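Values in this text are rule-based calculations from the coordinates and carry no lab data. As the structure is a prediction and not an experimental result, all values here were calculated from the model. Glycine also receives a Cβ, built like all others from the backbone with ideal geometry; neighbour counts cover every protein chain displayed.
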Amino acid sequence: MNLFHEFQQNQTRRHFLAKGSHLLGTAALATLAGSVGRAAEKTDAPSAAPGPHFPARAKNVIYLHMVGGPPQMDIYDYKPVMQEWYDKDLPDTIRMGQRLTTMTSGQKRFPIAPSKYKFAQHGQSGMWVTELLPNTAKMVDDMCFIRSMHTEAINHEPAISNMQTGNQITGRPCLGAWASYGLGSLNDNLPTFVVQVAKPTNVEQVQAISARLWSAGFLSGEHAGVSFRTAGDPILFINNPPGVPNEVRRKTLDGLKALNELNFQEVGDPETRTRIQQYELAFRMQSSVPELTDIAREPDSTFKLYGDEAKKPGTFANTVLLARRMVERGVRFVQIYHNNWDTHANVSGRLPDQCRDVDQACWGLVQDLKSRGMFDNTLIIWGGEFGRTIYSQGGLTKDNYGRDHHPRCFTMWMAGGGSKGGTIYGETDDFSYNIVRDPVHIHDFHATVLHLLGFDHERFTFKYQGLDQRLTGVEPAKVIKELLA
């Protein structure tokens with residue numbers, strides 16, 4: 001038995017019936033199409049993007065994910081009343097029996113831990129910002145704050161998956177993959193979707209993250225994120241091995257392409273076509289990636305914006321600078337993960353480092369995009385997978401405390417790309433524990449981002465397992481129009 005016959009016998013009943021239900025129509029279409037269809041099979045062009053439903057406000061996205069869950073009441077959700085509640089127990093009327101993690105569910109007490117950091121209002125919007133983010137505070141009128149985000153997930157793995165893919169179970173396409181699928185590429189020599197994992201200054205408690213978060217899921221593999229490394233070659237094997245010139249590499253790829261073409265003609269698996277395209281892109285990236293990652297030619301004014309840390313490979317500032325260079329060269333979606341925000345303890349020791357890592361770099365990115373005329377069509381997203389508790393995990397002093405996971409409310413922000421600068425949306429109670437006005441679910445957030453990219457989230461679908469799958473799932477979701485410029 002050859003491989004093709006084995007493939008035919010191993011088809012699922014659903015796959016067979018789905019193909020058989022249109023058998024006569026397919027045969028008729030093949031007869032009418034004649035050689036046109038066969039000629040189309042031989043093209044190397046990538047699969048066509050569905051295209052937006054209406055004019056997009058943003059054509060690029062830079063998504064800054066703070067892995068671990070930033071403590072909203074220490075950064076953006078100012079709660080001065082909590083100073084009067086120091087070391088008092090969280091009232092049952094506030095908790096209302098809500099789910100806790102196993103890390104604090106056994107505590108005998110839930111003592112209130114007011115933020116030890118000073119806050120001040122900034123800009124015409126009057127947004128309250130912690131003293132730990134002095135540069136960010138200068139641009140609040142360019143930012144759109146959502147203080148009423150919420151999620152069902154209470155642990156990191158399902159929460160990050162939910163934030164990135166709209167589902168707590170891994171294996172579905174992430175937001176970047178959907179953007180790649182819907183909008184297609186803006187360049188021929190770089191990936192459409194790139195991922196970078198920045199190394200934080202403080203590494204007390206980093207979370208495990210992996211390629212499952214930037215997977216294409218059931219979409220074609222060409223829409224998965226391409227991970228750029230922060231040390232050594234940006235991409236593994238981007239350079240030829242010693243003694244292998246470009247001519248030999250080109251001849252090798254031509255041979256692989258011929259073999260893949262034979263396999264495609266025999267089996268017809270569309271992922272074989274994707275493999276051919278990715279090999280060709282990788283070959284072109286051997287020239288484009290070294291130029292992209294060479295920041296030595298950036299003027300001194302660039303490093304005055306982002307800070308000297310931007311010169312050090314792998315830092316958050318460095319990855320953000322590279323993100324600007326990527327979108328400038330046509331990369332559609334850039335995702336940066338910054339770890340160590342999981343502050344179960346030692347907030348006073350870790351949070352200043354975390355904020356210092358991101359503060360000037362985020363400010364510099366906004367100023368840089370503005371100066372280049374790219375701010376209005378580049379959407380910047382900043383946030384984690386959930387928030388933190390107002391009560392302390394473990395020991396509590398006026399100078400130090402820890403906070404557990406809290407999914408019921410947290411803060412995110414957007415800037416540029418059609419978002420409404422100077423907006424403060426949503427409100428939480430005095431304990432930053434429950435939402436009291438304008439809740440925003442993750443699906444609402446995704447619907448709003450897709451809207452800025454030009455898509456109606458209810459019509460932006462992909463057929464898989466007999467269902468019209470979408471990023472926002474099957475439960476009701478809405479675009480938050482107040483966040484749109």
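Could you tell me which of the pairs Lys59/Lys138; Lys257/Lys463; Lys88/Lys116 are separated by over 21 angstrom between their Cα atoms in the structure shown?
Going by Cα-Cα distance, Lys59/Lys138; Lys257/Lys463 fall outside the 21 Å limit.
Order 94-106, 420-432 from most to least packed using the mean count of other Cβ atoms within 10 Å.
Ranked by mean Cβ neighbours within 10 Å, highest first: 420-432, 94-106.
Can you tell me the relative contact order of the stretch 385-485? Whole percent, Cα pairs under 8 Å, sequence separation 6 or more.
Relative contact order, the stretch 385-485: 23 percent.
Just how many % of Cα pairs in the stretch 317-397 lie over 22 Å apart, if you round to the nearest whole percent?
38
Treat each spin label as a single point 7 Å out from the Cα along the C-beta direction, and report the Thr101 to Asp308 distance in nm.
Inter-label distance under the simple model: 3.6 nm.
I'd like the FRET efficiency for Lys108 and Val81, computed as 1/(1 + (r/R0)^6) with the beta carbon distance as r and R0 of 25 Å, rounded to 0.05.
Between Lys108 and Val81 the formula returns 0.55.
How far is it, in nm, from the label point at Ala258 to the one at Ser287 when both lie 7 Å from their Cα along the line to the Cβ?
Modelled inter-label distance: 2.4 nm.
So in the chain, what percent of DSSP beta bridges are antiparallel if you round to the nearest 5?
Beta bridges within the chain, antiparallel portion: roughly 45 percent.
At R0 = 45 Å, how high is the FRET efficiency between Ala485 and Asn246 if r is their beta carbon distance? Nearest 0.05 is fine.
Between Ala485 and Asn246 the formula returns 0.45.
Using 1/(1 + (r/R0)^6) with R0 = 56 angstrom and r between the beta carbons of Lys88 and Asp188, what's the FRET efficiency to the nearest 0.05?
It comes out at approximately 0.35.
Helix 316-328 versus the longest principal axis of the chain: what is the Cα-based angle in degrees, 0 to 90, to the nearest 10?
40
After finding the eigenvalues of the alpha carbon gyration tensor for the chain, what semi-axes result from the square roots of 5 times each, listed largest first in whole Å?
Equivalent-ellipsoid dimensions as semi-axes: 43, 27, 21 Å.
From Cα pairs below 8 angstrom and at least 6 apart in sequence, can you work out the relative contact order of the stretch 54-162, rounded to a whole percent?
The value is 26 percent.
Between 0 and 90 degrees, rounded to the nearest ten: what's the tilt of helix 442-452 against the longest Cα principal axis of the chain?
For 442-452 against the chain, the angle is about 60 degrees.
Taking the simple approach of a point 7 Å from Cα along Cα-to-Cβ for both Thr461 and Ala296, what is their distance in nm?
According to this spin-label approximation, the distance is 5.4 nm.
Express the relative contact order of the chain as a whole percentage, based on alpha carbon pairs under 8 Å and six or more residues apart in sequence. It would help to have the intermediate numbers written out before the result.
On the way: 945 pairs, mean separation 135.7, N = 485.
For the chain, the relative contact order is 28 percent.
Could you give the length gained on full extension between Gln205 and Gln121, defined as 0.36 nm per residue of separation minus the Cα-Cα distance, in nm?
Extending this stretch completely gives an extra 27.1 nm.
Once phi is turned into θ = phi - 60°, what whole-Hz ³J(HN,Hα) does the Karplus curve with 6.51, -1.76 and 1.60 give for every residue of the stretch 254-267, x standing for Gly and Pro?
Each residue of the stretch 254-267 in turn: 4, x, 4, 4, 4, 5, 5, 4, 4, 5, 5, 5, 7, 9 Hz.
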